[in-house]
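Engineer: Once you've had a glance at the structure underneath, I'll fire off some questions.
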């Protein structure tokens, strides 16, 4: 289930009712089964509904413990024993609709109070003018929350942290000695979109952000919460200004990300990886510990530990410089043929 500190559970809902809400075919059995939540197939339990649409996840479908599964007619007979097939031409969209019915993000503080009565602030917490601390939030001793910053419901911030002005934090668990500078947004919904018959549909983002001890996040950077799996930034990782970290990314310890780096969703990064400015990383890529990504590179493939890659699409460093040298030679040859110096 999504973390109850950040999401309200609106279920359970009978299977028949849920099928009607999302426009799936009526269940052939156990129509009164109570569904309490949504979950990926590999996480789902008997009271959850999941979805299957990609054959790459056939093993997850075979092993799932989900009580019900949204899937297409062609896959209906692949639902394992104990899981009820809910047939729909758009399983992912049905899952999104079910998530909206079963889970809701907790709302922030209301009324004039800057600090919700249910929030917990340890000794020595300093709040700047206009700062808002939502219900159930916790802030550790010696931490500073800047002017007009918003700490959302259920957020936990450790000790001796600095949260700059106009920072927004939601759906997040933050360690000790973390620095988050002005205008950063931590825990906003990740960019998840499904294609439906009526157009693009925003997919629910039901995960969290976890910033471990000693992390620094630069001004106006964004770290999205996961769709289900948490977005995690490892200890002592340093993130520059205007960096985008997508949903479900896992950054290792002591990584360094220069300005305007973009890391797409579900990328896994080892410890001590260095990203040059404006590097862009594709989704679902794995980058080994100690690797280095040159500035303005476009990473489309996995990078082994300890290697240096550059270019767009990125390749190992020696190959990249050979490509540059070849282009320069070709350009020089064209210039000579034209009779230019």
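Residues checked against (1) closer than 21 Å to residue 193 by Cα; (2) in a helix (DSSP H, G or I); (3) under 22 Å from the mean Cα position of the chain (by Cα):
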residue: 40; (1), (2), (3): yes, no, yes
residue: 65; (1), (2), (3): no, no, no
residue: 75; (1), (2), (3): no, yes, no
residue: 86; (1), (2), (3): no, no, no
residue: 89; (1), (2), (3): yes, no, no
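Engineer: Here are some conditions: (1) in the same structural domain as residue 82 (by TED's automatic domain parsing); (2) surrounded by 19 or more Cβ atoms within 10 Å (Cβ to Cβ); (3) within 25 Å of the chain's Cα centre (by Cα). Residue 59 meets all but one. Which one does it not meet?
Structural biologist: The failed condition is (2).
Engineer: So residue 292 passes all but one of these: (1) surrounded by 18 or more Cβ atoms within 10 Å (Cβ to Cβ); (2) under 20 Å from residue 219 (Cα atoms). Which condition number does it fail?
Structural biologist: (2)
Engineer: Take the stretch 74-89 and flag every residue that is out of contact with any helix residue (DSSP H, G or I) (no Cβ under 9 Å at 6 or more places or on another chain) and either touching a residue at least 24 places away in the same chain (Cβ under 8 Å) or not assigned by TED's automatic domain parsing to the domain that holds residue 24 (or both).
Structural biologist: Selection gives 82 alone.
Engineer: Here's a follow-up. Taking the residues in the stretch 7-25 that are closer than 14 Å to residue 85 by Cβ and surrounded by 15 or more Cβ atoms within 10 Å (Cβ to Cβ) as candidates, determine which candidate is nearest to the chain's Cα centre (by Cα).
Structural biologist: 22
Engineer: Please indicate, with yes or no, whether at least one residue in the stretch 26-35 is touching a strand residue (DSSP E or B) at 6+ places or on another chain (Cβ under 9 Å), outside any loop (DSSP other than H, G, I, E, B) and crowded, with 23+ Cβ neighbours inside 10 Å.
Structural biologist: Yes, there is a match, as at least one residue in the stretch 26-35 is touching a strand residue (DSSP E or B) at 6+ places or on another chain (Cβ under 9 Å), outside any loop (DSSP other than H, G, I, E, B) and crowded, with 23+ Cβ neighbours inside 10 Å.
Engineer: Okay, next question. Which numbered condition trips up residue 195, out of (1) modelled with pLDDT under 95; (2) surrounded by 20 or more Cβ atoms within 10 Å (Cβ to Cβ)?
Structural biologist: Answer for residue 195: the failing condition is (2).
Engineer: Within the bounds of the stretch 228-246, is there any residue that is within 20 Å of residue 134 (Cβ to Cβ) and in contact (Cβ under 8 Å) with a residue 12 or more places away in the chain?
Structural biologist: yes
Engineer: Of the residues in the stretch 33-63, how many are without any contact (Cβ under 8 Å) to a residue 24 or more places away in the chain and farther than 17 Å from residue 18 by Cβ?
Structural biologist: 11
Engineer: Among the candidates 139, 174, 162, single out the residue that is farther than 29 Å from residue 9 by Cβ and either crowded, with 23+ Cβ neighbours inside 10 Å or not assigned by TED's automatic domain parsing to the domain that holds residue 21 (or both).
Structural biologist: Step by step, each of 139, 174, 162 is checked, and only 162 is farther than 29 Å from residue 9 by Cβ and either crowded, with 23+ Cβ neighbours inside 10 Å or not assigned by TED's automatic domain parsing to the domain that holds residue 21 (or both).
Engineer: Out of the residues in the stretch 265-275 that are in contact with a strand residue (DSSP E or B) (Cβ under 6 Å, 6 or more places away or on another chain) and surrounded by fewer than 20 Cβ atoms within 10 Å (Cβ to Cβ), which is nearest to residue 192 (Cα to Cα)?
Structural biologist: By that ranking, first place goes to 268.
Engineer: Sticking with this structure for a sec: Select from the stretch 37-60 the residues that are over 15 Å from residue 88 (Cβ atoms) and in contact with a strand residue (DSSP E or B) (Cβ under 7 Å, 6 or more places away or on another chain) and list them in ascending order.
Structural biologist: 37, 39, 40, 41, 44, 47, 48
Engineer: Suppose we filter the stretch 215-234 for residues that are closer than 15 Å to residue 272 by Cα and surrounded by fewer than 19 Cβ atoms within 10 Å (Cβ to Cβ); how many remain?
Structural biologist: Counting residues in the stretch 215-234 that are closer than 15 Å to residue 272 by Cα and surrounded by fewer than 19 Cβ atoms within 10 Å (Cβ to Cβ) gives 0.
Engineer: Does residue 87 satisfy the condition of being within 27 Å of residue 184 (Cα to Cα) and surrounded by fewer than 22 Cβ atoms within 10 Å (Cβ to Cβ)?
Structural biologist: When the stated conditions are applied, residue 87 does not pass them.
Engineer: Then there is this: Count, please, the residues in the stretch 199-214 that happen to be in contact (Cβ under 8 Å) with a residue 60 or more places away in the chain and part of a strand (DSSP E or B).
Structural biologist: Counting residues in the stretch 199-214 that are in contact (Cβ under 8 Å) with a residue 60 or more places away in the chain and part of a strand (DSSP E or B) gives 2.
Engineer: On to the next question. Among the residues of the stretch 235-254, write down those that are more than 16 Å from residue 266 (Cβ to Cβ) and part of a loop (DSSP other than H, G, I, E, B).
Structural biologist: 235, 236, 237, 240, 241, 242, 243, 253, 254
The values are calculated or read from the model by the stated rules, or taken from the named source; none is laboratory data. Computed from a predicted model, the values in this text were never measured in an experiment. Ideal geometry is used to build each Cβ from the backbone, glycine not excepted, and the neighbour counts take in all protein chains shown.
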